[in-house]
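> Structure below; questions to follow.
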Amino acid sequence: MNKKGNLLRLIIALILTIILLAPIYFIFIYGFQSVNEIYHIPPYFVPPHFNFDYYAEAWNGLEPYFINSIIISLGTLMLTLIVAVPASFALSIFKLKTNNFFDFLLAFVQFLPAAAVVIPMFLIFYHMRLSNTYFGDMLGIASTTIPFSSLLLISYMRSEIPYELIESAQLDGANLLIIFTRIVIPLSRNSIITSGLLSFLMAWGDFIFSLSLLQSNNLQPVSIGLYNFIGAFGVYWNLIMAGGMLYSIIPIIAVLIGGRYLTSGLTAGALK
């Protein structure tokens, strides 16, 4: 019975894996095919002619946008951690009457659609001369990554860092800065890496803030640059597929490198 059950679970897992990986596979192979080959019925499961020119053309068209994406994503990551980590420390360690209000406020922000805040944000940034700048786009994206990361870090710190440890350090004469840098940050390493990785991925995949806040082509990320392959007389699907595959390489590498931290950071405190 156990063998049959394990075999059934294995078959279900393989089917789900194939379903999840099939779109990625077709995106990958369509980058080697002409538009006519992509529209072929039945579809080619293996490209009849591997043409690397489409990937080369997509890279040449997107290279400046990749630099912008890296700048915006890393800047948003730094901005998020600079704000979210100390804020989470304060909201999780200090026994304040307003903690429940801030918890609700951070959760409420997560339910706001980006389309509802991007227009007033654009007007505010325009008058502050932050529109059409890297920093303005970083602030816009950080308006979603900071609350998300704060909730994640607060949950971890409240469940995994004993308050008695903080009290003991205070009795030994440690001030808040020492407690924060030498106790809280090292103990929260996995959760900080997890929130940083997710913030980076959210910034890397952003579309609406970058589209609304950046008007200059030389500032826009890859998510906007892919639109260059949509022409007036048709859509260059092979270039879009090749560009999309190139666009996904950095997130895949980031997840592979930080995967173990991602798993431990998301599950920490789940049993408490």
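The values are calculated or read from the model by the stated rules, or taken from the named source; none is laboratory data. For clarity, every value in this text was computed on a predicted model and none was experimentally measured. Quick reminder, even Gly has a Cβ in these numbers, built from the backbone with ideal geometry, and neighbours come from all protein chains shown.
> Using beta carbons and a limit of 6 Å, which pairs, at least six apart or on different chains, have the first residue in the stretch 92-110 and in a helix (DSSP H, G or I) and the second one modelled with pLDDT under 75?
Close Cβ pairs (under 6 Å, with a partner that is modelled with pLDDT under 75) do not exist here.
> Determine if the stretch 8-27 includes at least one residue that is closer than 25 Å to GLN220 by Cβ, among the hydrophobic types (A, V, I, L, M, F, W, C) and surrounded by 15 or more Cβ atoms within 10 Å (Cβ to Cβ).
Yes, because at least one residue in the stretch 8-27 is closer than 25 Å to GLN220 by Cβ, among the hydrophobic types (A, V, I, L, M, F, W, C) and surrounded by 15 or more Cβ atoms within 10 Å (Cβ to Cβ).
Results for (1) over 26 Å from TRP204 (Cβ atoms); (2) modelled with pLDDT of 90 or more; (3) surrounded by fewer than 15 Cβ atoms within 10 Å (Cβ to Cβ); (4) under 19 Å from the mean Cα position of the chain (by Cα), shown as yes or no for each residue.
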{"residue": "THR80", "(1), (2), (3), (4)": "no, yes, no, yes"}
{"residue": "LYS97", "(1), (2), (3), (4)": "yes, no, yes, no"}
{"residue": "GLN110", "(1), (2), (3), (4)": "no, no, yes, yes"}
{"residue": "PRO113", "(1), (2), (3), (4)": "no, no, yes, yes"}
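> Working carefully through the options ILE119, ILE146, ILE124, find the one that is out of contact with any strand residue (DSSP E or B) (no Cβ under 8 Å at 6 or more places or on another chain) and modelled with pLDDT under 90.
Result of the check over ILE119, ILE146, ILE124: ILE119.
> Which of (1) of a type in the set (Gly, Ala, Ser); (2) under 19 Å from the mean Cα position of the chain (by Cα); (3) crowded, with 19+ Cβ neighbours inside 10 Å is the odd one out, the single condition SER143 does not satisfy?
(3)
> Can you go through ILE12, ILE24, ILE38 and tell me which one is within 16 Å of MET241 (Cα to Cα) and more than 28 Å from the chain's Cα centre (by Cα)?
Working: ILE12 fails: within 16 Å of MET241 (Cα to Cα); ILE24 fails: more than 28 Å from the chain's Cα centre (by Cα).
Only one candidate qualifies: ILE38.
> Suppose we filter ARG158, ARG129 for residues that are of a type in the set (Lys, Arg) and part of a helix (DSSP H, G or I); which single one remains?
On the way: ARG129 fails: part of a helix (DSSP H, G or I).
After applying the criteria, what remains is ARG158.
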